[in-house]
Amino acid sequence: MKTARYKYVITALIVLMTTMAQAEEKVAWPSVDYMIGPGDVLDISVWKDEALTKLVTVLPDGKISFPLIGEVKAAGKTVAVLHKELEVKLNRFVPDVSLSMVVSQVNSMLIYVIGRVNKPGRFVLNTKVNVLQALAMAGGLNPFAKRGKIKIFREEGGEKKTFAFDFDEVAKGQTLDQNIVLRRGDVIVVP
């Protein structure tokens with residue numbers, strides 16, 4: 001019984017990898033600047049000023065605290081926008097400020113896979129991940145999963161969206177538009 005299950009899993013993985021390669025050829029990835037989120041760690045430094053060199057963590061409310069300027073909203077901004085905002089605010093205290101800022105740890109890019117998968121849980125997105133890839137990260141579907149009734153829930157701009165996903169159709173190379181690229185906070189539910 002286990003041998004048959006392993007053969008099925010290996011066959012499914014081969015189909016999955018082939019389908020993902022085909023989908024990547026057809027999909028033009030959008031070029032979007034990274035948006036800072038709660039939990040991210042920023043390395044901010046002012047040239048020739050050790051007191052203004054800090055690692056700061058974006059708090060759950062989306063703010064950071066930095067010397068001289070206090071709290072600043074960081075979540076939802078690109079690195080370039082926050083960099084410029086900090087430079088402007090620091091310029092009042094440090095003339096001709098030379099600021100450098102990098103995201104040293106990305107901790108806010110999380111998705112959740114729950115339900116009938118082998119390893120449900122929270123997963124960090126270190127790259128662009130689609131639904132098939134997320135299901136693979138969760139160890140694949142278990143034998144009791146309703147493969148044609150998978151849902152992806154997304155909240156953006158205060159609006160809630162639901163996307164349908166039929167594993168078998170996508171694995172066959174049909175309706176590849178269901179295999180969407182996931183975003184921060186997406187939840188995949190496998191009934």
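Can you tell which of 64, 144, 112 lies farthest toward the positive end of the dipole of segment 43-191, using +1 and -1 charges on the Cβ of basic and acidic side chains (Lys, Arg; Asp, Glu)?
Value: 144.
May I ask for the net charge around residue 147, where only other residues with Cβ less than 10 Å from the Cβ of residue 147 are counted and Lys, Arg are +1 while Asp, Glu are -1?
Details: positive: 116, 146, 149; negative: 166, 168, 169.
So the environment of residue 147 carries a net charge of 0.
On the principal axes of its Cα set, how long, how wide and how thick is segment 39-117? Give whole Å, largest value first.
58, 19, 18
According to the Kirkwood expression over distinct Cα-Cα pairs, how big is the hydrodynamic radius of segment 124-165, in Å? Before the final figure, lay out the partial values.
Values: mean 1/r = 0.0837 Å⁻¹.
When all Cα pairs of segment 124-165 are included, the Kirkwood radius is 12.0 Å.
Students often forget the sequence filter, so: which aspartates and glutamates lie under 14 Å Cα-Cα from residue 84 once same-chain residues fewer than 8 apart are removed?
96
Under 5 Å between amide hydrogens, which residues at least 5 positions from residue 140 or on another chain qualify, with H placed 1.01 Å from N in the peptide plane?
When sequence neighbours closer than 5 places are left aside, the close amide H contacts are 118, 119.
For a quick check: with amide H placed at 1.01 Å from N, whose amide H comes under 5 Å from residue 150's, ignoring anything fewer than 5 positions away on the same chain?
Result for residue 150 returns 165, 167.
Could you give me D for segment 98-191, from Stokes-Einstein at 20 °C and 1.002 mPa s, where the hydrodynamic radius is the Kirkwood radius over C-alpha pairs? Units µm² s⁻¹, please. Don't skip to the answer; put the middle values down first.
Details: Rh = 14.0 Å.
The calculation lands on 153 µm²/s.
Please enumerate, by chain and number, the aspartates and glutamates with C-alpha under 16 Å from the C-alpha of residue 73, excluding those fewer than 8 residues away in the same chain.
40, 43, 61, 85, 87
Taken together, the values in this text are just the output of simple stated rules run on the coordinates, not laboratory data. Keep in mind it's a predicted model, so treat the numbers as computed, not measured. Cβ coordinates were reconstructed from backbone atoms using ideal geometry, including for glycine residues, and neighbour counts include every protein chain displayed.
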